[in-house]
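Taking it in order: structure first as structure tokens, then the write-up.
What follows draws every value from the coordinates through simple rules; no lab data is involved. None of these values were measured; they are calculated from a predicted model. Note that we place each Cβ from the backbone using ideal geometry, even for glycine, and neighbour counts take in every protein chain shown.
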Amino acid sequence: MPYLYDTKPPTMDAAAFISRFVEIFWLYWDAVLKQLYSFSLYNVYHWVIVWCLLCFILELVFPRKLDYKVVGRKGFWQDLFYVFFNDFLFMGLGFFALMYVIGEAYTAGFASIGIDNPVLFEIHSLPLWAQLLILFILVDLMEFLAHYAMHRFNFLWAFHKIHHAQEEIGFASSRHFHWGEFFIFKPFLFLPLGLIGYTAKEFTILQLTLVYFAAFFSHTNIKFNFGFFNYLIITPQTHLWHHAKNLPMRYGVNFASVLPLWDLLIGTYYLPKTDEAPELGVDDMDEMPRSFLGQFVYPFVFLFSKGKQKDNVFEASLTTADTLSAPTQNKPIAKTKGKAAKKKRKKT
Ligand SMILES: [Zn+2]
Ligand SMILES: [Zn+2]
């Protein structure tokens, strides 16, 4: 696998991992600053700004008939801050650096057990279009699985709940999530890709482009019937139901990052034939922190308090995230049993 530097570190213990991370972090800090001032077609940062403006204009032209305004909606300015924090600071810097170091640690780990080349299949031997297609499908499938896991396992839900604790959403809401999601999941999403020869850089660039642009678009607060396209690609119409407070299924619906295909395959695709928008948020909205700092520490407070008092993470979820707890299958709410389901039925 290609490296950022010509020579790879001989060992990758914890200290080497951290010092390498810091080293590459600063390297990217310089690179990102230069990017911000250089205008070119390949400048992802500028495309993100253009794309955000387009989504914003769509919200003005096709507003959903909800009782909130485009700019005046709850959390608009905080969401913009999340765009800066997650995408410019963490995604652009920490995430890039982490992916590079994970890539190196991955190879160093295999080398330590006598495997010099862990690549099972060299993807770069295929034509470019095939490489991109396979990379996209694999990343999207793993994003889908990771997203489902974040809804399915309580300690991961503690992080992802920050994204769902939004009562009003717009394009910038897509970046309103806890930074821990990057650091818990993305490195693991990359590992299978390494086995077929993809580099950390390729994975990261895909994250920054297609998946990323789809995320902004899917949160856009617009009223538009996408018809058949709802089955082909994520839309604001389907993703809105992912944010429904009263979940149509126990763990949620419409987990897709880009392709609804995965939801259709496992039966979590959901789009009712109604013009009415669902109520958004989580059951215990009143308990969720409103400030950025409160949201920053929320998962840790949860994990080191409520979550730890119980032996079983699912038991813990009964008291905190009851919409996502007890049953073992993602059944429709009306057919489930138990304390959480009874609570849910009362509300609907
Ligand atoms: Zn979610
Ligand atoms: Zn969302």
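A compact table of results
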{"quantity": "Theoretical FRET efficiency, 1/(1+(r/R0)^6), r = Cβ-Cβ of ALA277 and LEU54, R0 22 Å, to 0.05", "calculated": "0.50"}
{"quantity": "Distance in nm between pseudo-label sites at SER112 and ILE266 (7 Å out along the Cβ direction from Cα)", "calculated": "3.1"}
{"quantity": "Two-site label geometry, HIS124 and PHE84: point separation in nm, points 7 Å out along Cα→Cβ", "calculated": "3.8"}
